[in-house]
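All remarks here apply to the structure that follows.
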Amino acid sequence: MNMRPPPPKRVLGRVFIPTVTLAHGGGGKAMKDLIDDVFISAFAGGAPEVLEDQARFDLAALAKHGDRLAFTTDAFVVDPLFFPGGDIGKLAVYGTVNDLAVGGAKPLYLSCAVIIEEGMKVEVLRRIALSMAEAAREAGVTIVTGDTKVVQRGACDKIFITTTGIGVIRPGLELGIDHVRPGDAILVNGLLGDHGAAILCARGDMALEASIESDCAALHELIELLLAAAPGTRCIRDATRGGIATVLNEIADASAVSIEINEAATPLRDEVRGFCEILGLDPLYLANEGKIVIAVPAEESEAALAALCAHPHGQGSAVIGHAGLGEPGRVTMQTLFGGRRIVDMLVGEQLPRIC
Amino acid sequence: MKYTDEFRDAEKAKVLIKEIDKLVATIEIARSRPINIMEVCGGHTHSIFRYGLEGMLPDAIELVHGPGCPVCVLPMGRVDDCVSIAERPEVIFTTFGDAMRVPGSKKSLQQAKADGADVRMVYSPMDALSLARKNPDREVVFFGLGFETTMPSTALTVLQAEADGIKNFSVFCNHITIVPTIKAILDSPDLHLDGFLGPGHVSMVIGTAPYEFIADFYKRPMVVAGFEPLDVLQSIWMVLKQIKDGRAEIENQYARIVPEAGNNAALTAVGKVYELREFFEWRGLGSIDHSGVKVRDEYASFDAERKFAIPGVKIADPKSCQCGEVLKGVIKPWQCKVFGTACTPEVPLGALMVSSEGACAAYYQYGGVKKHTTVRAGSQPVTVS
């Protein structure tokens, strides 16, 4: 009998030096070792039989989840890499998972491309990869493909991560930024601005100390609960860069409605208020990484609020305002003080005021 | 947020607004034209918009947003000087955040940074001094900007740098003084002002005596005001009360912060490091005598103007820009020919569109909702006031 010997079991490479060098991006053994040791071992939880250049999906299996694919990509650059409440790895997973989930999709697969500045400590890279793996497990997604590049010192800031996600939308679910109608209630799922304030504090160049943690979280479960309780939900957006002010303007614009929010109903942590007060920043424009803006028909607002509040990521949820028949695209705020002002899009980045 | 929320009480605001309404009804001139009250300070402008105060006040009161935003009144030529210093390879140029976007004739500091200049945002001049300590082989320049409010902190930083023997630190001094500017506005022939809200933080440093001429010579009331919304409303009430009583006095609403005599330690530091310039160029207002300060000869080695050759070219304001008229209260921001068209916060033509404290940017961003409501066909008007 002429039997073929079994294929040798694939052994994961190891990195034995503490620092990433340009050699780790060169396409040779050093690169394979880095990918094996840091990423594959974290993401795949062991040595896969074979590695192809692409992930492959069974279409029939995907179709069991729904009738449309959702596809999104996001790049993550954050300084510092680790901050109270999270790190760049968690952000890279949660951010893309949330971008899928706010469209009503069930998030399934992620890709992960990293650009590493030479000189990065392998241990730091490993911490980030393990954090991504943990975040992916929690979010119920698999990281199925990736890429690694190493660039010269100064060509990027420590590490940039791009994740792309695929999810599936169930039949009949139609969320849209242009679906909001006058009278709809506008909700958020908790305290606003924590992420933006946490990052600014963590940079440490303001000599301000505050115990503010990033709110970064995967919101797919929360959104599932919400959609079950309020099936008429019109639209969901995550309020990341630009804060809720930007999202509200986008919604008002796309749906040709006015939106009025009530400052008294807008959930803010005292520390974040104080932080904004000192720096002359407006919390409505601070970034969030675990907050969504939701529009639902008025009659479903109570059910929606109850569903949100029942989930850990929905603590502090509130109805903050309503869509109306005013000037289309205009967002206003009833101030705590009894006045009224326009909440416009931010022009550039928010810059602290001089005095 | 204790000690601030007390000054943002909506119920107390309602009471104050009622009192203001009552008072306005008894003022004779309010029957024929609006009462024009200028808030001199950009911080007040910011509060007025942030809390929507204009919409709460009776129509008979017009708030005129004055020249008190130091970022806004910086002329283009000075920004060009900043950029030229910042673009020197040995320089780390440090600045407060909101000065980053002020347009020069060719570029802003933000654009210079994108083009490769080492421009860094700091929160205090002391941060700039620490940068100088950490980077002994670089020249760290701090963009000294602001009225008497920020002047003491740069003066103290210069004194600290001298005491520590730090040689690679200097200040590009663009500090300005408020009093000559108020005088210039009062001397303007097209003036329509009935009273002033005086700057709170400036007065914390200089006290209230320097304003006496406003009451004595120009017969206009001024109330030095705090920055919380109740402060502003109460101060407006106090100005109205003076008008009603036919008085012109300098009153101090912000006594919890502002001592009548000012802050002697701060004034001493300022006097030690700075002296008055003969004149200083203001965007929109032109050259005003004795309205700026420069570093004294004794501290010349900390003066970026002397350390580096700067172009110092005077650039005229764009012709279509009406910032000067807005600053003097002759026209409202939206009455400017280029407001919202050629001049927007994205591409500011005039200085008042630059900083969030600038009257035009504030109108554009937060909306002068009372006066500036637009109605599109087929939609209902936003009823705001």
Only one residue in B:Ser124, B:Ser108, B:Ser170 is among the polar types (S, T, N, Q), farther than 22 Å from B:Ser291 by Cα and surrounded by 18 or more Cβ atoms within 10 Å (Cβ to Cβ), so which one is that? B:Ser108
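Does at least one position in region B:134-147 carry a residue that is under 30 Å from B:Asp216 (Cα atoms) and in contact (Cβ under 8 Å) with a residue 12 or more places away in the chain?
Initially, region B:134-147 is screened for residues under 30 Å from B:Asp216 (Cα atoms), giving B:146-147.
Pick out the ones that are also in contact (Cβ under 8 Å) with a residue 12 or more places away in the chain and you get B:146-147.
Taking every residue of region B:134-147 in turn, at least one turns out to be under 30 Å from B:Asp216 (Cα atoms) and in contact (Cβ under 8 Å) with a residue 12 or more places away in the chain.
Output the residue which, of all residues in region B:137-157 that are within 23 Å of the chain's Cα centre (by Cα) and of a type in the set (A, V, I, L, M), is nearest to the other protein chains (Cβ to nearest Cβ). Lay out the reasoning, then the answer.
Let us first name the residues in region B:137-157 that are within 23 Å of the chain's Cα centre (by Cα), namely B:141-157.
If we keep only those that are of a type in the set (A, V, I, L, M) as well, we get B:141, B:145, B:151, B:155-156.
Working: B:Val141: 17, B:Leu145: 7, B:Met151: 11, B:Ala155: 15, B:Leu156: 15 Å.
The selected residue is B:Leu145.
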Can you name the residue in region A:332-355 that is under 14 Å from A:Gly243 (Cβ atoms) and β-branched (Val, Ile, Thr) and is also modelled with the lowest pLDDT among such residues? A:Val347
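Please indicate, with yes or no, whether at least one residue in region A:67-78 is within 22 Å of A:Asp215 (Cα to Cα), part of a helix (DSSP H, G or I) and among the small types (Gly, Ala, Ser). Please lay out each step first, then the result.
Going residue by residue through region A:67-78, those that are within 22 Å of A:Asp215 (Cα to Cα) are A:72-78.
Those left that are additionally part of a helix (DSSP H, G or I): none.
Among the residues of region A:67-78, not one is within 22 Å of A:Asp215 (Cα to Cα), part of a helix (DSSP H, G or I) and among the small types (Gly, Ala, Ser), which makes the answer no.
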Would you check if B:Ala265 is farther than 23 Å from B:Val71 by Cβ, in contact with a strand residue (DSSP E or B) (Cβ under 7 Å, 6 or more places away or on another chain), among the small types (Gly, Ala, Ser) and assigned to a helix (DSSP H, G or I)? no
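Residues are listed down the side, and each one gets a yes or a no for (1) hydrophobic (A, V, I, L, M, F, W, C); (2) crowded, with 22+ Cβ neighbours inside 10 Å:
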| residue | (1), (2) |
| --- | --- |
| B:Tyr274 | no, yes |
| B:Ala304 | yes, yes |
| B:Lys319 | no, no |
| B:Val326 | yes, yes |
| B:Cys336 | yes, yes |
| B:Thr341 | no, no |
| B:Met353 | yes, yes |
Might you let me know whether region A:332-354 holds any residue that is in the same structural domain as A:Ser211 (by TED's automatic domain parsing), within 22 Å of A:Glu213 (Cβ to Cβ), without any contact (Cβ under 8 Å) to a residue 24 or more places away in the chain and in contact with a helix residue (DSSP H, G or I) (Cβ under 9 Å, 6 or more places away or on another chain)? no
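Being under 26 Å from A:Lys90 (Cβ atoms), assigned to a loop (DSSP other than H, G, I, E, B) and aliphatic (A, V, I, L, M) is the filter here; which residues of region A:178-217 pass it?
Start the filter on region A:178-217 by keeping residues that are under 26 Å from A:Lys90 (Cβ atoms), which leaves A:187-206, A:208-217.
Now drop any that are not assigned to a loop (DSSP other than H, G, I, E, B), which leaves A:189-193, A:203-206, A:208-217.
Scanning region A:178-217 gives A:Leu191, A:Leu192, A:Met206, A:Leu208, A:Ala210, A:Ile212, A:Ala217.
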In region B:4-30, which residues are over 18 Å from B:Ile48 (Cα atoms) and outside any helix (DSSP H, G or I)? B:Thr26, B:Ile27
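Taking region B:31-56 on its own, how many of its residues are in a helix (DSSP H, G or I) and more than 10 Å from chain A (Cβ to nearest Cβ)? First the steps, then the outcome.
Going through region B:31-56, the residues in a helix (DSSP H, G or I) turn out to be B:31, B:42-50, B:53-56.
Those left that are additionally more than 10 Å from chain A (Cβ to nearest Cβ): B:31, B:44-45.
Summing the residues that are in a helix (DSSP H, G or I) and more than 10 Å from chain A (Cβ to nearest Cβ) in region B:31-56 gives 3.
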For the subset of region A:143-176 comprising residues that are within 20 Å of A:Glu123 (Cα to Cα) and charged (D, E, K, R), which member is surrounded by the fewest Cβ atoms within 10 Å (Cβ to Cβ)? A:Arg153
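The values are calculated or read from the model by the stated rules, or taken from the named source; none is laboratory data. Worth saying up front: this structure is predicted, and the values here are computed from it rather than measured. For neighbour counting, all protein chains shown are included, and Cβ atoms are generated from backbone atoms with ideal geometry for every residue, glycine included.
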